[in-house]
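Okay, so here's the structure we're looking at.
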Amino acid sequence: MLCNCHALLKGRLVRAFVVFAAILILLQITLVLVKTGQTASERDPLADALVIFQELGHRTPLLRHNFTQRLLCWIPSRPSSVRTKARHVWATWASRCDKTVFISAEPSDEVPTVVLPLPEGRDHLTIKSMAAFSYLYDHHLHEFDWFLKADDDTYVVIENLRLLLSRHSSSQAHVFGYHIDHETLKQGYLSGGAGYVLSREALRVMVEEGVRKDRCRRDGGSEDVEIGRCLETAGVKLDDSHDMFGRKRFHPFDLFSYLTNKEGFYQQSESKHFLVSHQQEPVSRAACPSVVPSRTCIQPT
């Protein structure tokens, strides 16, 4: 009888805790929506999640860390995705970079855009990235220490990224991201979907020794593979992006797949065969193994 009572009491306490946690989450969401002056029906669901995370993030210790190195973030975009993706990226994590530019074929009043008259579409991502890095080399090489490339469906925890970069010198060639083996590249390449970051010296060497000497593919192929090939051709080595416990900092897949491990997704996605033969991202929504929807999460060590 005593054992039954103890189990019953324990069950009630667990249920009470779950209800209390749910109430706290709902209150946080309500506070954020009230502060933004809009109802849930008037907002994009993904934007709500990102704004909520940003509100919570402003109370984290990392945001009070004194970072001296300057970070430029560039994001490939297109006119059709400004309202559905780019403006939400700009309203959240991208605004915490020292400078952010969206590379597009047309100007926009909603996000800071650099117009490069290039063909749009997935088949032309390589030429957009090559042109963007050339533009950054010409206009911002000596103004910033690090150059992050991330898609407009990616979420980056900028404060954690700064913490990682603060341990390295931008005067040396460094490149961080999610590493993928490739059968034709000795050092592999970095996932474009997870985002990757180049130091000032890495950008200089890639452009001067690769792009400007016409040693890199101009267009076509998979963008992240071709950037990896260009870096290897220019002599820039990829850095190990794991933390001190061997955990990955950059994540190319969605939150649901990491958390649920549906049909062995995690083990399959980590295998060499899967990654080499599936170079395009299998998800369209940004996500990351974190408490928010995001596809790139950089964990602090």
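The values are calculated or read from the model by the stated rules, or taken from the named source; none is laboratory data. Since this is a predicted model, take the numbers as computed values, not measurements. Here Cβ is always computed from backbone atoms with ideal geometry, including for glycine, and neighbour counts include all displayed protein chains. Protein only, heavy atoms only, side chains kept; ligands, DNA and RNA dropped before computing areas. Shrake-Rupley method; radii C 1.70, N 1.55, O 1.52, S 1.80 Å.
By how many nm would the segment from S80 to F245 grow when fully extended, if each residue of separation counts as 0.36 nm and the alpha-carbon distance is taken off? Numbers along the way, then the final one.
On the way: separation 165, 0.36 × 165 = 59.40 nm, distance 4.09 nm.
Separation in residues times 0.36 nm, less the Cα-Cα distance, equals 55.3 nm.
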Farthest towards the positive end of the dipole of the stretch 75-203, among S166, V114, I103 and with Cβ unit charges of +1 on Lys and Arg and -1 on Asp and Glu, lies the Cα of S166
What does the charge dipole of the stretch 80-120 about its Cα centre add up to, to the nearest 20 debye, if the Cβ of each Lys and Arg holds +1 and the Cβ of each Asp and Glu holds -1? 200
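Of the listed pairs K128/K149; K99/K213; K85/K248, which have alpha-carbon separations greater than 19 Å here? Write down the numbers at each step before the final one.
Values: K128/K149 12 Å; K99/K213 28 Å; K85/K248 25 Å.
Over 19 Å Cα-Cα: K99/K213; K85/K248.
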As a test question: what accessible area, to the nearest 10 Å², does R249 have when a 1.4 Å probe is rolled over all protein chains in place? 20
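Around S81, what is the net charge, scoring Lys/Arg as +1 and Asp/Glu as -1 over all other residues with Cβ under 9 Å from its Cβ? Don't jump to the answer; show the numbers that get you there.
On the way: positive: R78, R83, K85; negative: D152, D153.
So the surrounding residues net to +1.
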Which net charge results when you count Lys and Arg as +1 and Asp and Glu as -1 among the other residues whose beta-carbon is under 12 Å from that of H142? -1
Cα-centre dipole for the stretch 157-256 with unit charges at Cβ (Lys and Arg positive, Asp and Glu negative), debye to 20: 300
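Order these peptides, 189-198, 100-109, 175-184, 119-128, by their mean beta-carbon neighbour count within 10 angstrom, highest first.
Values: 189-198: 26.5, 100-109: 17.6, 175-184: 19.6, 119-128: 15.7.
Taking the mean over residues of other Cβ atoms within 10 Å, the ranking is 189-198, 175-184, 100-109, 119-128.
Per residue, how big is the convex hull around the C-alpha atoms of the stretch 102-256? Give it to me in cubic angstrom, could you?
Numbers: hull volume 21.0 nm³, N = 155.
Hull volume normalised by residue count: 136 Å³.
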